[in-house]
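What follows is a short report on a single structure.
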Amino acid sequence: MKLPRCIATNALLLLALLFTGALAHAAQVAGTITHLSGPLLAKKADGSVKILSQQSTVEQGDVLFTEKDTYARIKFADNSEITLKPNSQLKIDSFVFEEGAPDKDSATFSLVKGGLRAITGLLGKRNKERVGVNTPAATIGIRGTTFLVEYVPPSQSAVAAYGFASVAAAGASSWTSDRARLTDMPFSEAPLAILPRREETPVVLAQLMPSAPPVRAPGLYVQVVDGMINLSNKGGTQSFSAGQFGFVPSFQQPPILLPVNPGIQFTPPPAFSASVGAQGRQDAGAASSAVDCEVR
């Protein structure tokens, strides 16, 4: 009779441990949505999709999607913040933070498209090498900072605009070269096709070129507000400090320093600039009414 009792006791202990472990895992929250200006979706690790609201929580493995007018700020457990821009997609690859266990620290994200602003928290200050943002063009290493990122994916419109700029530049260069070559050429030897006719009005080259679409070249754009970041890929590594802008065309090409802002914009609603204390009180009042909707 003793053997069955031992087996039953061990089985109960095992079930209790499994149940406790499941509860502990379920309780691990990476961050909370503190500000939201439009629809925000989260694809969970199990494949389900949820519509998030203010005070919703996010977990490791979640993929977040913002709509065309949506800004969303997530505050993580280590007090770091990420604010997603409209039309963005971000995956929380890993997020592990225990205040008393720095050896377990880990925070990695993948920006698939769109843009974000990131502010480093405690994890990024005590274990900088364990924090990073992956993008299709480069990996961003954090060095205790505030920075903005925008990734423009390759598309027909973007490639066409970029190609147009190259062709236009090449055409202008060729035309200028021909004019310079003809400067010292006797009038009688100049090709008839190039010589202007008296009845024709001179035409400026720019008038012959159609306007290029207002589209930036595909690639990764960064702006460092304070601190420092490091961009690395197969093409090389480059550090950027406060006040600098950078661009990476692809994962095979090295990061480059830009002299001016390439067009990075970050204009969240005014409510996103509210003080933490005031917003915290608002969030606390709204917490009870926050409901996540699961899309099946």
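Just so you know, all these numbers are worked out from the coordinates, no wet-lab data involved. Note that the structure is a prediction, hence the values are computed from the model and not measured. Using ideal geometry, Cβ is built from the backbone for each residue, glycine included, and neighbour counts are taken over all protein chains shown.
Across region 130-142, coupling constants 3J(HN,Hα) worked out from phi with the 6.51/-1.76/1.60 Karplus curve, θ = phi - 60°, read 9, 10, x, 10, 8, 9, x, 9, 6, 9, 9, x, 9 Hz, and Gly and Pro carry x. Checking every one of the trypsin sites (Lys or Arg not before Pro) in region 48-114 against DSSP loop status and a limit of 16 other Cβ atoms within 10 Å picks out Lys68. Label point 7 Å out from Glu98 along Cα-to-Cβ: which residues of region 121-142 have amide N under 20 Å? From region 121-142, the list is 122-131. For the residue pairs Lys43/Lys85; Lys50/Lys113; Lys50/Lys125, the alpha carbons lie more than 25 Å apart in Lys50/Lys125. Could you tell me the calculated FRET efficiency between Arg216 and Thr108, based on Cβ-Cβ distance and R0 = 25 angstrom, to the nearest 0.05? With R0 = 25 Å, the Cβ-Cβ based efficiency is 0.40. Working note: Karplus 6.51/-1.76/1.60 with θ = phi - 60° gives region 34-43 the couplings 9, 9, 7, 10, x, x, 9, 10, 10, 8 Hz, where Gly and Pro are set to x.
Extending 7 Å from the Cα toward the beta-carbon at both Ser155 and Phe251 defines two label points whose distance is 2.1 nm. Model label points for Val260 and Asn134, set 7 angstrom from Cα along the Cα-to-Cβ axis, are 3.6 nm apart. The GluC sites (Glu not before Pro) of region 57-141 that meet both conditions, a loop assignment by DSSP and at most 13 other Cβ atoms within 10 Å of the site Cβ, are Glu98, Glu99.
Applying Stokes-Einstein at 4 °C and 1.567 mPa s to the Kirkwood radius of region 52-145, computed over alpha-carbon pairs, gives a translational diffusion coefficient of 96 µm² s⁻¹.
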